[in-house]
Amino acid sequence: MKTFLMNNGREIPALGFGTYKLGDREICGYSVETAIRVGYRLIDTAAMYMNEEGVADGIRMSGVPRSEIFLTTKVWLQDCGGYDRVRPALERSLRRLGTDYLDLYLIHWPFVDLEGTWKALEKLSSEGLIRSIGVCNCRETDLKRILADCSIVPAVNQLETHPLNQQKSVRKFQEQYGILTEAWGVLGRAMPQVMDNPALCAAAAAHGKTVPQVMLRFCYQEGIIGIPRSSSVARIVENRRIWDFELSEEEMEQLRGIDTGERLISRTDPDDPASRQKLIDMRFDI
Ligand SMILES: NC(=O)c1ccc[n+]([C@@H]2O[C@H](COP(=O)([O-])OP(=O)(O)OC[C@H]3O[C@@H](n4cnc5c(N)ncnc54)[C@H](OP(=O)(O)O)[C@@H]3O)[C@@H](O)[C@H]2O)c1
């Protein structure tokens, strides 16, 4: 299995399986079981996806020991704050996931008491409940707030990242601290803008691969963890078949050139207070 090295000395699989929108317990369980059976070892969920029980079912049904799975979940905004808020949220996630530790715990959005929530994650990792900690959707300014007073540097920042939105500036900043980028929406949700992109189609044709495979391979060669999601057995398999070809430096340069620097998927504008508030107001029974 291909892995990347995190800044805390631990390894993380270079390719994982996403579970957003796999809300139906049976579909989620079956998709996660399939993913693990065909070789994925990183499973990405979140309290807000309301599918942690389905993820637990899938892991159990796969027959692969928990110790061989890299399991990630995330704390939602309503539970961000100090240790007294985050610890119960973590305990509920652990219970739903049927496990007593997480490989990676992430702050889902940096909009509620980022510094306090980070301190809570640091404490929880010192208690052995979480092996690595990180963030999602952080801009350079958000990361700087954490870095100003932290005892653990985030291992990962999970961001909307794909060839049309390569996050070049924040990735460059993160490199100084060894913070890995984990790509959500890594397939650009298979939107026509990516599936029909001429440079992606040309690379796919040149290697006898599909556009999603080229997107995932591009991501890997850039040192970015990809976590594609699918509920189709054929596509779950297809998205792992990226180890038998390599994009040339010329192809990589062409693909680096199709970056628009714009969000394609996320409707949340972190620079807009109203947009941030909309997310903060989303509450779930979790
Ligand atoms: N931290 C955050 O804020 C955040 C936000 C969003 C997502 N995430 C995480 O990142 C993961 C991935 O992102 P995502 O789910 O938003 O989007 P994605 O992986 O870019 O795209 C998923 C979509 O692409 C389709 N698809 C998958 N493989 C395909 C293939 N080979 N050919 C054609 N279509 C394909 C899937 O449909 P089928 O199911 O029909 O195959 C699904 O509709 C999530 O599942 C979640 O774990 C994190």
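The values are calculated or read from the model by the stated rules, or taken from the named source; none is laboratory data. None of the values given here were measured: they were computed from a predicted structure. A quick note on method: Cβ atoms are made from the backbone with ideal geometry, for glycine too, and the neighbour counts reach across all protein chains shown. The area values use the complete protein model at the heavy-atom level, side chains included, leaving out ligands, DNA and RNA. Shrake-Rupley method; radii C 1.70, N 1.55, O 1.52, S 1.80 Å.
Please verify whether residue 194 is in contact with a Gly (Cβ under 9 Å, 6 or more places away or on another chain), assigned to a helix (DSSP H, G or I) and either on the phi < 0 side of the Ramachandran plot or within 12 Å of the ligand (Cβ to nearest atom) (or both), treating the condition exactly as stated.
The answer is yes for residue 194.
On the basis of being among the small types (Gly, Ala, Ser) and either more than 11 Å from the ligand (Cβ to nearest atom) or in a helix (DSSP H, G or I) (or both), does residue 203 make the cut? Quick ask: steps written out before the conclusion?
Values: among the small types (Gly, Ala, Ser): yes; either more than 11 Å from the ligand (Cβ to nearest atom) or in a helix (DSSP H, G or I) (or both): yes.
Taking the combined requirement at face value, the residue satisfies it.
Any residue at all in segment 254-277 that's closer than 25 Å to residue 45 by Cα and crowded, with 18+ Cβ neighbours inside 10 Å?
The answer is yes; a qualifying residue exists.
Just to be sure I understand, how many residues within segment 256-283 are part of a loop (DSSP other than H, G, I, E, B), more than 16 Å from residue 170 (Cβ to Cβ), away from the ligand (no atom under 14 Å from the Cβ) and not small (Gly, Ala, Ser)?
Final tally of qualifying residues: 4.
Hey, can you tell me all the residues within segment 212-229 that are β-branched (Val, Ile, Thr) and either under 18 Å from residue 73 (Cβ atoms) or open to solvent by 10 Å² or more (accessible area, probe 1.4 Å) (or both)? Walk me through how you get there before you give the answer.
Our first condition is that a residue be β-branched (Val, Ile, Thr); within segment 212-229, this holds for 214, 224-225, 227.
Residues satisfying the conditions are 225, 227.
Inside segment 10-79, counting only strands (runs of 3 or more DSSP E) that do not spill past its ends, which hold 1 or more residues that are more than 13 Å from the ligand (Cβ to nearest atom), touching a residue at least 24 places away in the same chain (Cβ under 8 Å) and over 16 Å from the mean Cα position of the chain (by Cα)?
Numbers: elements: 11-13, 42-44, 70-75.
Result: empty, no element qualifies.
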